[in-house]
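We did not get these values from a lab; they are worked out from the coordinates using the rules stated. Since we're looking at a predicted model, the values are computed, not measured. With ideal geometry, Cβ positions are generated from the backbone for all residues, glycine too; neighbour counts draw on all protein chains shown.
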Amino acid sequence: MNKQKFISELRMKLSGLPSKEVEDRLSFYLEMIDDRIEDGITEEAAIAELGSVEEIAAQITAEIPLSKIVKEKIKPQKRLRAWEIVLLAVGSPLWLSLAVAALAVILSLYVVLWSVIVSLWAVFAAVAICTPGGLAAGILFACQGNFPVCASMISAALVCGGLAIFLFFGCMAATKGTAKLTGKIALSIKKCFMRKEKKA
């Protein structure tokens, strides 16, 4: 693939993003390709080292904040006519309340998702704290000569220690999975805005 084809394909994949961002990123990749060519690498090899156009476009889309994409999308392309302004003002009680309700639902789902993760970490912390607490209680009962209670406390502490290890790895996996899911949801929302812009 040559430089012109690479840039034109990347421009197509990035259509719908803010034009300034697209131009900045394209300039960055053009400069990177030129630098590699100056170092003695062929144009095709320099482009191959960058990776596929799809991967680069996905990375750029993920890096650009959603607020910039939304701002670009809702920015009026032409001046509104008087009747359009009146229609927006008259319809605002309906569309504004629906927009606020939709945002509230999305925000509450996001909060619920992360509150589950926080709860899992809280359970891990409670079980982890039981381990030294149980060992300390077992030693205390041993000093008092109450060996059956001592044995049960130390056994419970060891069980909690084992559970804490499993819970730690489970919490880490759940946190990473939720972070990935959040990223994918944000990317999907960005792509929805980009698709709408392409159709416009």
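Isolated cysteines in the chain, defined as those with no second cysteine Cβ under 4.7 Å, comprise 143, 150, 171, 192.
Quick one: putting +1 on the C-beta of Lys and Arg, -1 on the C-beta of Asp and Glu, what dipole do you get for the chain around its Cα centre, in Debye to the nearest 20?
On the way: 23 positive and 18 negative charges, 254 e Å.
I would put it at about 1220 debye.
Remark: spin-label model distance residue 125-residue 185 equals 2.3 nm, labels positioned 7 Å along the Cα→Cβ axis.
Counting lysine pairs in region 93-199 that sit 8 or more residues apart in sequence, or on different chains, and whose Cα atoms lie under 20 Å apart gives 7. In order along region 170-182, the phi-based Karplus estimate (6.51 cos²θ - 1.76 cosθ + 1.60, θ = phi - 60°) of 3J(HN,Hα) comes to x, 5, 4, 5, 5, 5, 4, x, 5, 5, 5, 4, 4 Hz; Gly and Pro are listed as x. Between residue 28 and residue 159, the modelled label-to-label distance comes to 5.4 nm, taking each label 7 Å out from Cα in the direction of the beta carbon. For the pair residue 50 and residue 116, a Förster radius of 41 Å applied to the C-beta separation gives a FRET efficiency near 0.60, rounded to the nearest 0.05.
Count charges around residue 182 for me, please; just the other residues with Cβ under 14 Å from its Cβ, Lys/Arg as +1, Asp/Glu as -1. Summing Lys and Arg as +1 and Asp and Glu as -1 gives +4. Taking only Cα atoms, what is the 0 to 90° angle, nearest 10, from helix 19-38's long axis to the longest principal axis of the chain? Approximately 90 degrees, to the nearest ten. Projecting the Cα positions of 7, 53, 17 onto the charge dipole of region 3-64 (unit charges on Cβ atoms of Lys, Arg, Asp and Glu, taken about the Cα centre) puts 17 furthest along the positive direction.
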